[in-house]
Every structure is written in structure tokens, then in C-alpha cells.
2 protein chains.
Amino acid sequence: MMRANLSQEAVILAAAELADQQGFEAVTVSALARRFDVKPASLYSHVRDRAAVLDGLHELALGELAALIAEETAGRSGRDALAGLAGAHRRYAREHPGRWAAMQQPAREQTVRSGEAARVVTLIWAVLRAYDLPDDELVHATRLVGATINGFLALERSGSFGHRTDSAALSWERAVDALDLALRAWPGGGTSLSRKTTSA
Amino acid sequence: MMRANLSQEAVILAAAELADQQGFEAVTVSALARRFDVKPASLYSHVRDRAAVLDGLHELALGELAALIAEETAGRSGRDALAGLAGAHRRYAREHPGRWAAMQQPAREQTVRSGEAARVVTLIWAVLRAYDLPDDELVHATRLVGATINGFLALERSGSFGHRTDSAALSWERAVDALDLALRAWPGGGTSLSRKTTSA
DNA sequence: GTATAAACCTAAACACCGTAGGCAACCGAT
DNA sequence: ATCGGTTGCCTACGGTGTTTAGGTTTATAC
């Protein structure tokens, strides 16, 4: 019985691919074992249990999302950067639906405190820097931004929008505008930075 | 073998109770059968499959949420009604965590088009009426409101906030304020209705 | 009372999860 | 190259869950 060259990283990466190809629910120990042509019990040499695989998948997705956010916000500021941040989420959800679904699952303490999660938060902070918020307001603004973006994507991906992609795109723009406006008018800060007026 | 007086409604209601008591994932055909002291196979006289039970649970939760929203927004207008709408969601999620989790699952076409879902949307429209939005903007505003509220609750319930309930309450107020501001400044409408100024 | 429909059961097949112990492959030291 | 120890893979097993098919029992209508 040749060794299949498995490792925790390989199993988690396979889980990510499987999630995107067949959906989050399809990520089972059995399905992963079939993918590597080994028996399910063999995977327990590399991963503690199914939950551990899903935790790893969650963290991998956070890391990839952070990279995409960095890419989409680089060299941008204000509403432009905000749009890049939001757009990165939406693009990631589109291109990696299964990975994105993994991020919607209740996160374990370890995942909440992971380096990848911190990176995403740091990138959001960088985008918010242009809004000149007081330090003690940063956490509230970060939560609002994260909540709104993810809430919108969850709604969109749940099929609540029907097949109206044209209307969804405008809803998206409205949402980004709303966030920008809220941030600029934030209590104790958010001086208008008038890079791009929101005349409608 | 006495008949257990089962019905589809009884099974779905039991699923809701089980979800709130033990979590959404604990809602299985086997667990429900144990609850009624029958064998799992017996439930298929009343429900098509597990997915049908979960669909029913989703719709039941939407109906209950609609009732709570109606209660919390009655006699209120503007930001006050908006706060009531948002508060109803938060209260429901708190008091019925399992039911709420059921509503976060991908919804089936039938559920999206259900009377209960329509009722929730209608109530959101009623709250938005005070903001005097153009008809063609209503759908975008509705999506933003739904997305922000649900997104916030998903974040909060996922443990991302840690145990900082004091800080979560302020984040919540900031989020409601942000929504109110965005709605009042909405393109093509949203005249300031100055019922309660947002001086900070 | 009888006939029928519906509700319940058993049996079975299938899928998934994870543990324990055994065997084979691999690696490092000599 | 050989040997010993470690690690990775397997089998076997016990447990949980899902759903279908067919049989038995209960309830209802006439």
C-alpha cells in the first residue's frame, strides 16, 4: 500500500476544491478519502476530525479573501477603496462559492483569533483610515462594514433576488454608497473627504 | 401500536422546538421520531423528507418573525420604526436561536415565494414608507435593510464580537443610525423627516 | 360488522463518522 | 546494506442517520 503523500494542508486544499465544485455540504471525510483513493479511516492520521478540516477550510478562505482585498484596495482610497473592499468579497463569493459558504459557518475560537482573520480586519481598518474615525469608533464601523457586505452577499446567494442581476448590481451600488455616506457622517469623525461626490 | 396523532404541522413545530433547544444541526428525522416515540420511518407518512421539514421550519420562523416585526413597529414611524424592525430581528434571534439559524440556510423557491416571506417584506416596506423613496428604489432599500440587519446578527451570533455585549449594543445603535441616515439621504427621495435628529 | 385508507412497524440498503489494533512503508542511524 | 522505530495506511467494528418497500394495525365510513 503505497503512501498517498497526504498532509493536513493537502486535505484542506482538497476540501476547498470539493466545496467549490460540489457545495459545502459535500465536504465529508468519505468524499475526501475517495478523492485521494484511500479509505476514510486513513485521513485521521492527518486531521483530527471533520470539524478540524472545516476549520482549516475556513481559515484558508479567510487568507485568500485577505489577499484579494489587498489586491482590490491597493492604491485606492475613500469610497474607491471601500468599493474595492466590497467588490473583493463579492468576487470571492462568486468565484469560490463553496469556500465562501465555509466562512458563513459558526467560527471556532481558533479561527476567530487566526492570523488570516486578523489580516482581513487589518485591511478593513486600512480602508477606514481615510474616513478619519475616532479610535474607539473603529470597531463599530468595522462591524457595520463587514455585516453589510456579508449580509448582502448572503441575501444575494440565497436566491432572494431571483434572477435579476441588473437590479442586483444597482442594489450593490446603493449599498456601497450607503456605507460610504454612513462612514463619512460617522459620529465624532468622518469628515467629508469629497473625493467623489455622491450626486444622484 | 396506538397512533401518535402526528401531522405535518406537529412535526414542523417539534422541529422548531428542537432547533431552539439543541441547535439547528440537531434537527434530524431520527431525533424527531424519538421526540414522538415512534420509529423514524413513521414520519414519512407526514413529511416528504428531512428537507421538507426544514423548509417548513424556515417558513414557520418567517411567519413568527413577521408577527414580531408587526408588534415592534406598530404605532412607530421613521427611525423609531426602523429601530423596532431591527430590534424585532435581534430579539427573535436571541429568543429563538435555532429558528433563526434555520432562516440562514439557503432557501428554496417555495420558501422565497411563501406568504410568510412576503409578509416580512411588506412590513419592511411599511417602515420604509416614512422615508418617501421612489417606487423603483424600494427594492434596493429593502435589500440593504435586510442585508445589514441579518449580516449584523450573523456576525454577532458567530462569536466574532467576543463577549463584549456593551460594545455590541453600541455597534447595533451605530448600525441602525447608519441605516436611518442612508434612507433619509437615499437618491431621489428620502427627504429629511426630522422626527429625531441624530446629533452626536 | 365489513371494507378501505391511512398510519405505524420491520427490514433492508445505503451513507457517514470515528476508534482500535494490525500491517506495511518509510526514514534515520549504524 | 540492515535494523529498529515511527508513521501512514488498512480492516474491522460500532454507532448514527436517511429513506424505500412491503406488511400489519388502527381508525373511519358505510
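Between B and A, which B residue has the Cβ nearest their rotation axis, distance in Å?
Residue with the nearest Cβ, plus whole-Å distance, for chain B: B:Gly151, 1.
Work out the mean other chain Cβ neighbour count within 10 Å for the residues of B:149-160 and drop it here as an integer.
6
Nearest 10 degrees, 0 to 90: what angle lies between the long axis of helix B:165-184 and the longest principal axis of chain B (Cα atoms)?
Orientation of helix B:165-184: about 60 degrees from the principal axis.
Could you work out the mean count of beta carbons from other protein chains within 10 Å of each residue's beta carbon in A:111-123?
So the per-residue partner count for this stretch is 1.
Quote to one decimal, in nm, the extra length available between B:Ala118 and B:Arg34 on full extension: 0.36 nm per residue of separation minus the C-alpha distance between them.
26.8 nm
Tell me the per residue accessible area of region B:49-98 using a 1.4 Å probe; a whole number in Å² is fine.
Value returned for region B:49-98: 35 Å² of accessible area per residue.
If packing is taken as the mean number of other Cβ atoms within 10 Å per residue, what is the order of A:114-121, A:137-144, highest first? Spell out each step's value before the answer.
Numbers: A:114-121: 17.0, A:137-144: 21.9.
Most protected by this proxy first, the peptides run A:137-144, A:114-121.
Give me the inter-chain shielding for B:98-110: mean count of other chain Cβ atoms within 10 Å, whole number please.
Counting other chains' Cβ atoms within 10 Å and averaging over B:98-110 gives 2.
Any idea how far apart A:Ala126 and A:Glu95 come out in nm if each label point goes 7 Å out from Cα toward Cβ?
Going from the A:Ala126 label point to the A:Glu95 one covers 1.7 nm.
Can you list, shortest first and in nm, the gaps between the label point of B:Ser45 and those of its counterparts in the other copies, using a point 7 Å from Cα in the C-beta direction?
Ordered by increasing distance: 5.1 nm.
Once you have the Cα-Cα distance between B:Ala67 and B:Ser158, take 0.36 nm times their residue separation minus that, and quote the gain in nm to one decimal.
30.2 nm
List the residues of region B:23-59 whose backbone N lies under 18 Å from a point placed 7 Å from the Cα of B:Ser7 along the Cα-to-Cβ direction.
In region B:23-59, the label zone of B:Ser7 (backbone N under 18 Å from the point 7 Å along Cα→Cβ) covers B:36, B:43-48, B:53, B:56-57, B:59.
Which value in Å does the Kirkwood hydrodynamic radius of region A:1-147 take, with 1/r averaged over all unlike C-alpha pairs and then inverted?
Final number for the Kirkwood radius of region A:1-147 is 16.5 Å.
Sorted from largest down, give the three principal axis spans of the alpha carbons of the protein assembly as shown, whole angstrom values.
The Cα atoms of the protein assembly as shown stretch 65, 57, 40 Å along the principal axes, largest first.
How high is the relative contact order of chain A, in percent, with contacts defined as C-alpha pairs under 8 Å that are six or more residues apart?
21 percent
For region A:1-65, what is the convex hull volume of its Cα atoms per residue in Å³?
For region A:1-65, the hull spanned by Cα atoms encloses 76 Å³ per residue.
Ranking request for peptides B:151-159, B:1-9: highest mean number of other beta-carbon atoms within 10 Å first, then the rest in descending order.
B:151-159, B:1-9
State the extension gain, in nm to one decimal, for the chain segment bounded by A:Gln105 and A:Asp136, taking 0.36 nm per residue of separation less the distance between their alpha-carbons. Working shown, then result.
Details: separation 31, 0.36 × 31 = 11.16 nm, distance 2.84 nm.
Length difference between fully extended and current span is 8.3 nm.
Once Rh is set to the Kirkwood radius over Cα pairs, what Stokes-Einstein translational diffusion coefficient, in µm²/s, holds for region A:61-184 at a temperature of 37 °C and a viscosity of 0.692 mPa s?
So the translational diffusion coefficient is about 220 µm²/s.
Tell me the angle of helix A:115-128 to the major Cα principal axis of chain A, expressed in degrees between 0 and 90 and rounded to the nearest ten.
Taking the Cα atoms of chain A, the angle to A:115-128 is about 10 degrees.
Buried accessible area for the A:B pair, summed, 1.4 Å probe, in Å² rounded to 100?
Buried surface at the A/B interface: approximately 2500 Å².
The values are calculated or read from the model by the stated rules, or taken from the named source; none is laboratory data. Computed from a predicted structure; not experimentally measured. So basically every Cβ, Gly included, is an ideal-geometry build from the backbone, and we count neighbours across all protein chains shown. Ligands, DNA and RNA are stripped out before the accessible areas are found, and what is left, the full protein with its side chains, is counted by its heavy atoms. Shrake-Rupley method; radii C 1.70, N 1.55, O 1.52, S 1.80 Å.
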